[in-house]
Amino acid sequence: MAAETALALAEALTAGTTTAAELVETALARAEAARPLGAFVHLRADAARAEAAASDARRAQGAARGSLDGIPVAIKDVMIHEGEPCTCASRILENFIAPYPGTAVARLQAAGAVVLGRTNMDEFAMGSSTEHSVYGPTRNPWDPSRTPGGSSGGSAAAVAAGVVPIAFGSDTGGSIRQPASLCGVVGMKPTYGRVSRYGLVAFASSLDQIGPFARTAADCALALEAVAGHDPADSTSLPEPAPRLRAALTGDVSGLVIGLPREFFDADGVEPAVLDRVREAVAELERGGAKTRAVSLPHARYAIATYYLIATAEASSNLARYDGVRFGRRAAADTLAAMYRRTRSEGFGPEVKRRILLGTYVLSAGYYDAYYRKAMKVRTLLRRDFEQALSGCDLLAGPTTPELAFRIGEKTGDPLRMYLSDIYTVSANLAGIPALSVPCGFSDGLPIGLQLLGRPLDEATLLRVADAYQRRSDWHLRAPDPATWAGPGR
Amino acid sequence: MTAAPHPTYEVVIGLEVHVHLRTESKLFSPAPVRYGEPPNHAVHPIDLGLPGVLPVLNRKAVELGIRAALATHCEVHARSVFARKNYFYPDLPKGYQISQYEDPLATGGWLEIDVPAASAADDAYVTRIGLTRIHIEEDAGKSIHDAAVAGADRSHVDLNRAGVPLLEIVSEPDLRSPAEAGAYLRTLQHLLRYAGVSDADMERGQFRCDANLSLRRHGATELGTRTELKNLNSFRFVEEALAAETVRQAGLLDAGRDIQQCTLSYDPERHATRVMRVKENADDYRYFPDPDLIALHVDAAEIDAVRRALPELPEQKRARWQTGYELSDYDARQLAESRALADFFEAVVAELGGGARAAKSAANWIQRDVRAALGERGVEIETTRLEASALARLIALVEGGRVTAQSARPLVAELLDHGGDPEALVRARGLEAVSDTGALEAAADAVIAAHPEVVEQVRGGEAKGLNFLMGQIMKRTQGKASPGAAREVLQRRLRGA
Amino acid sequence: MGRIDRAEVERIAELACLELAPDEAERMAAELAAILGYVEQLAALDTDDIEPTDHALPLATPFRDDRAEPPLAPERALANAPERDGFAFVVPRVLDEDES
């Protein structure tokens, strides 16, 4: 039996049948039970209790702030929360305490949400398995010998394990949608610029976006409403105010046209079960009155190559600030040059170093045009593909990821193979469009996700379709068995 | 300083000037721009390069950049791009500097400079120096290596300056002597102050100059290998360093050796340049457009608005004064050089009732007496106690015959140093002009009696003798004789009347 | 497009201020070569007349008004410093060869 949704908890809080203090205790107890999964890197039990008590006091005075007030949430260890640690699962940020507020977390707090703790991730969000973490891997609640996907694996696992109804992650090339798919929860990457990046530790600035995880699309809508909207502190923030998303959840998909990109269904190396479940889900939406149409994204096959050039180039520069001078870990050395090299070599893990090297290479003299500039141009072609495809339909549908949750250690020796996990997800980041993953079935007891991609700023249609699908399916009502978690231990 | 051109080589100089823009807050953060604060007392998380921070562009900095571009005849581009310049240094918090690279704010302008005469045998001249580009970037912080502050094996890092908006102004290699470089810098400094772009105070690091210099044989068209001079922190050092570097390079070339591309510093005590770093291969800064910022779009209406808001610039003032006031080109140039002096001049003209006559008087007094006094003291008009109204009253006293020019002139320096009311000064010093006929007749008679042979010449029709006799009258009256009245009395007495 | 070998990896590592053990450099060279090999496919695309996209969505230039806010309290600015002296961050002495 799945844990309660945030909206159900909000109703219970309003009705007075529970309190925020109770919700925090339940969440902390579940976090304890889920400890072997390694979803959290930092729990703030005392602070969360205090915030819950404050929420209950507000409610008692009739001053509750909305549906999120008193709801426990988790945030990825990449989001700045004033006065709290933020390590990005990296040794180089050990002991760092954020001396300023990040926009997304500040908005959550303003909405009254209770931040239970920080979740595990691939170091600096670079990875697709949550194995590249200084804290060790996070395990998939459906099978602890497998990864939850990544890089926001901790947030996906925390929601899948029922610890919190809502968690936040960041998605640069699929880091929300892929783990959502592999953990059987809903995960959404909003339109680029929808959620402020001020206070999101940068991996690849032109691709990064904060988004929610929840068991239902309706909870995702609630979560996104709280953090979305223009922020003057982020130059890439869209001018639009926070969208009203819950109102769009009509349950009705009749008349909507769903584009099915040929390239997403033809690709080699896709698990057959994945395509089967995705096709069934699309058929279910057709039964609900949606129409489908074949579309083409001719440049989608170049997306991974394009993505890895752009993302690593930006990352190589974004990660230059970790130099041991003003914050973070510093290695002992007699000279400045040695201090820099040792600090960074000891502080970063191998995947981060690999990407910094690749990014430095593609920007370096003589290669800029062949690699970086070329990738920026292919990005234009991809963007046009989506404009074209979405001109004749309301949204696109396909698989989120080509495979089921893979075993821990299975791909760490082959970075390129790991990168190909993102084959269906990176395009949305390159094109800046919103996309989500919604559970659409299982194979061998492992969840499968349906990916929906939409027009810029049209999160509402994606959530409306996902919500309608969830009203017609019960995959999201299944829950992993906590009894299986104790085994692998940490 | 070597003033004369080098006999063998032509000197080719280009200058890169960095100026702090006059803003309240930093280029990409709301931290205040402050000088002289204790370390790290004027920083925002953005200036510290903390994880998760993002830049937002200061509108005023862009406006001031456009102002500078318009004042130097540059073309302001409709689209310019902020790029990251990547390198590691402790005072560069993010590991990159946000600058402009491929697409700068403005390109292709010029600056007209007045180059003073190098010696009595030369003439001053005016020449036009091309500007390659103007772009906006953020300043770095400061590393303090002074062992007395930081200890022998440590350096201190202060980020108060990190993120202060800078304009980089790059000249074409059009300068042909250290003196031209000096004139260029002075003109640019005055112009930027005029336009309100920058306070351009060198001592505060608001106006900094790097120079590159190469030599080629006279008549050659190819440029020689250039070296770069860094951290030149006064105009005098710029000129000295360029002169010293000319000598160094010429020595190498004369000896048949090659010039190595390198960065040098200048040691003012040894009057010599010192190699800091040899560039073995080009720096690889891995520039790319900053993905945290949107390209800077400036439309024609915005450029026009900045143009309309520009204060009158030296060349416009010069033109107005030359036509409206009939000032000479020379006077107009000198008076327009600094905004404070130009404002002072105009205020004096206004006090004198305006018009070409008033302007001529004001220009004469300022050019002759005020500038000399300023030069002697090494100060600028705005730091003295001389008020425009005081100088105007002094001029009026002279023109009204209440005091002679000769008596009045020393008062300019006095007013400059101490301020005060010229009329009271004239009275207190007893400098009122003598136009009393009796006193003048007595003086004239005495002079005529003392110089009979000159009197004979004058009576014989030699005019220059008259001036001599007038000078003698002035001497006898300690310069207080009103010249008109004295001449009249003298001529009358010479006729025997 | 370029070939990447161990020497190239070491050059890049220096630019990126990373120190690689010899075996690490060797391994990175092989991995990066594989990734760059995969990326070669982009060369086949004709992009001569294509404008690069630096941002997915077109936005007007956002500005901030020139108003100063109180700076970060110095104690907070320095709270994460690995080494400090008074209000200054401290680093090993910058030698001439470190200068850039």
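From the phi angles alone, apply the Karplus equation (6.51, -1.76, 1.60; θ = phi - 60°) to segment A:310-323 and give each ³J(HN,Hα) in whole Hz, x where the residue is Gly or Pro.
My calculation for segment A:310-323 gives 5, 5, 6, 4, 5, 4, 4, 7, 4, 8, 6, 6, 8, 10 Hz in order.
In terms of modelled amide H atoms, which long-range or inter-chain residues lie less than 5 Å from the amide H of B:Y96?
B:Y87
Longest segment of chain B with no trypsin sites (Lys or Arg not before Pro) in a DSSP loop having at most 12 other Cβ atoms within 10 Å?
B:1-256
Calculate the dipole size of segment B:72-201 relative to its Cα centre from +1 charges on Lys and Arg beta carbons and -1 charges on Asp and Glu beta carbons; express the result in debye to the nearest 20.
380 debye
What FRET efficiency comes out for B:F468 versus B:T437 if R0 is 30 angstrom and r is the Cβ-Cβ distance? Round to the nearest 0.05.
0.85
Based on the Cβ-Cβ distance from A:R471 to A:A110, what FRET efficiency comes out when R0 is 35 Å, to the nearest 0.05?
Computed FRET efficiency for A:R471 and A:A110: 0.70.
What whole-number distance in Å separates the alpha-carbon centres of segment B:427-454 and segment A:103-169?
Taking the Cα centre of each part, segment B:427-454 and segment A:103-169 sit 103 Å apart.
Could you work out the mean count of beta carbons from other protein chains within 10 Å of each residue's beta carbon in A:340-351?
4
Based on the mean of other beta carbon atoms within 10 Å per residue, what is the order of C:41-53, A:413-425, most packed first?
A:413-425, C:41-53
Can you pull the one-decimal nm distance between simple spin-label points at C:R6 and A:A54, each 7 Å off the Cα toward Cβ?
Between C:R6 and A:A54, the simple spin-label model gives 5.7 nm.
For segment B:182-229 and segment A:32-49, compute the distance between their C-alpha centroids and round to whole Å.
61 Å
Non-local amide H neighbours of B:R154 (under 5 Å, H modeled in plane, Pro and chain starts lacking H): which ones?
For B:R154, whose amide H was placed from the backbone, the distant partners under 5 Å are C:R93.
Based on DSSP, what percent of beta bridges with both residues in the protein assembly as shown are antiparallel, to the nearest 5?
Around 85 percent antiparallel, to the nearest 5.
Cut-off under 15 Å on the C-alpha distance; same-chain residues fewer than 8 positions from B:K230 excluded. Which aspartates and glutamates are left, in chain and number order?
Those aspartates and glutamates meeting the cut-off are B:E16, B:E168, B:D210, B:E239, B:E240, B:E245, B:D267, C:D96, C:E99.
Please compute the length gained on full extension between B:H218 and B:Y35, using 0.36 nm multiplied by the number of residues separating them and subtracting their Cα-Cα distance.
61.3 nm
Expressed as a rounded percentage, what relative contact order does segment B:312-429 have, with Cα pairs under 8 Å and six or more residues apart?
Relative contact order comes out at 23 percent.
For B:D153 paired with B:E75, estimate the spin-label separation in nm (one decimal), with each label point 7 Å from Cα along the Cα-to-Cβ line.
5.7 nm
In sequence order, what are the phi-derived ³J(HN,Hα) couplings for segment C:58-75 according to the Karplus relation 6.51 cos²θ - 1.76 cosθ + 1.60 with θ = phi - 60°, rounded to whole Hz, with x for glycine and proline?
x, 9, 6, 5, x, 10, 10, 6, 7, 10, 7, 10, x, x, 4, 4, x, 4
Quick check on the exposure proxy: order B:L223, A:L381, B:L131 from fewest to most C-beta atoms within 10 angstrom.
Fewest-to-most ranking of B:L223, A:L381, B:L131: B:L223, A:L381, B:L131.
Rounded, prolate or oblate: which fits chain A, taking a ≥ b ≥ c as square roots of the Cα gyration tensor eigenvalues, rounded meaning a/c under 1.5, else prolate when a/b beats b/c?
Since a/c stays below 1.5, the shape of chain A is classed as rounded.
Please name which of B:G65, B:N467, B:S407 has its Cα lying farthest along the dipole of chain B towards the positive end, using unit charges on Cβ (Lys, Arg +1; Asp, Glu -1) and the Cα centre as origin.
The one lying farthest along the dipole's positive direction is B:N467.
Where the centre of each part is set by its Cα atoms, how far does segment A:275-345 sit from segment B:14-66, in angstrom?
Between the Cα centre of segment A:275-345 and that of segment B:14-66, the gap is 31 Å.
In sequence order, what are the phi-derived ³J(HN,Hα) couplings for segment B:160-176 according to the Karplus relation 6.51 cos²θ - 1.76 cosθ + 1.60 with θ = phi - 60°, rounded to whole Hz, with x for glycine and proline?
Each residue of segment B:160-176 in turn: 4, 7, 4, x, 5, x, 10, 10, 9, 10, 10, 8, 6, x, 9, 8, 10 Hz.
Considering every residue in B:153-166, what mean count of other chain Cβ atoms within 10 Å of its Cβ is obtained?
Average neighbour count from other chains, rounded to a whole number: 4.
Near the amide H of A:A365, under 5 Å away, which other amide H atoms are found, from residues 5 or more places off or on another chain, if H is placed in the peptide plane?
Residues meeting the amide H criterion: B:R286.
Just grab the label-to-label distance for B:T127 and B:D283, each label 7 Å out from Cα along the Cβ direction, in nm (one decimal).
Going from the B:T127 label point to the B:D283 one covers 2.8 nm.
Projecting each Cα onto the charge dipole of chain A (Lys/Arg +1, Asp/Glu -1 at the beta carbon, about the Cα centre), which of A:A202, A:A33, A:G149 comes out farthest on the positive side?
Most positive-ward Cα: A:A202.
None of the figures in this text is laboratory data; all of them are computed from the coordinates on show. What you are looking at is a predicted structure, and each value in this text was computed from that prediction instead of being measured. Positions of Cβ are generated from backbone atoms using ideal geometry, with glycine treated the same way; all protein chains shown enter the neighbour counts.
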